[in-house]
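Participant: Got a structure for you, written out below as structure tokens; questions coming shortly.
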Amino acid sequence: MNKNQAGSGECPTGSDRKGTAARRAAFIEVAIRLFSGRPYGDVSIDEISVEAGVAKGLLYYYFGDKQGLYIAGFEQLAREMHAQLAAAAADTEAEPLERLTRALDAHLAFIERHPAGYRELLSSASLHPQVQAIMDSEQAAIVELILAGLPPEVPRSPAVALAIKAWGSFVDGVELAWLTDGGIDRAHVSELCTRVLYGAVVAAMAVDKKSRAEEQAGVLPASE
């Protein structure tokens, strides 16, 4: 335990779990708000402690240092976003396309409520493996949701899977531009993303068709 930890005078015990959870949550709530609005270097531990109303020593105890709190805050934001996506897609009685539409709308609604936090989340993901892992998990869930909802005539080919995965990066770009520039409402952003997905899948199917024709003509070796 470092000096700051030892000096806090408080160590969570079994009888203090609710208090510990509340203090930790207060730190994370303040961290998300402050780090979403200002550069990392401009936010001090003292400011976080004052805003959270919790002793500074406990920040070191719970998170190790400021960077640990930074990562914990955006991990929580990413988990909340993932949970909303999963909940929207959980209705197995709905048609796959309807589930996808609900999931996409839930995702857009979440970032509309947390615009600054979402921008910072995407920026921090490339710098912090823990955050990137959660973002990758969310994207993988979306890809699986889309693949599961494809009509039988659409092949589950590498080209189709690649197109859908790349579409996820397109959606990230559209969302960032939307949060920065605005211009259209959420429903139209969702429609734009859906139409681009349709076009990407159609293009991937055309590539598959061309590849099969070239294999049959002997231009390309047969795929395994």
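Participant: Contour minus end-to-end for Asp42 and Ala140, with contour as 0.36 nm per residue of separation and end-to-end as the Cα-Cα distance?
Facilitator: Contour length minus Cα-Cα distance gives 31.9 nm.
Participant: Taking only Cα atoms, what is the 0 to 90° angle, nearest 10, from helix 129-148's long axis to the longest principal axis of the chain?
Facilitator: For helix 129-148, the angle is close to 30 degrees.
Participant: Output the Kirkwood hydrodynamic radius of the chain, Cα pairs only, in Å rounded to one decimal.
Facilitator: Evaluated over the chain, this radius sits at 20.2 Å.
Participant: With 10 angstrom as the radius, rank Trp167, Trp178 by how many other C-beta atoms surround their C-beta, starting from the fewest.
Facilitator: Fewest-to-most ranking of Trp167, Trp178: Trp178, Trp167.
Participant: Also, quick follow-up: At 1.002 mPa s and 20 °C, plugging the Kirkwood radius over alpha-carbon pairs of the range 111-153 into Stokes-Einstein gives what diffusion coefficient in µm²/s?
Facilitator: 180 µm²/s
Participant: Based solely on its DSSP helices, what 222 nm [θ] is calculated for the chain when runs of n ≥ 4 H residues each add -39,500 (n - 2.57) and the sum is averaged over all residues, nearest 500 deg cm²/dmol?
Facilitator: The helix-only estimate for the chain comes to -25500 deg cm²/dmol at 222 nm.
Participant: Something else now. Under 17 Å from a label point 7 Å along Cα→Cβ of Ala25: give me every residue in the range 106-131 with its amide N that close.
Facilitator: No residue passes the distance filter.
Participant: I've got another one for you. Can you tell which of Ile48, Ile164, Ile184 shows the greatest fluctuation in a Gaussian network model of the chain with Cα springs below 10 Å?
Facilitator: Ile184
Participant: Please report Rg over Rh for the range 131-172, where both radii come from the alpha carbon positions and Rh follows the Kirkwood definition.
Facilitator: 1.00
Where a number appears in this text, it was derived from the coordinates with a stated rule and is not lab data. Keep in mind it's a predicted model, so treat the numbers as computed, not measured. Neighbour counts are summed over all protein chains in view; Cβ atoms, including those assigned to glycine, are modelled from backbone coordinates with ideal geometry.
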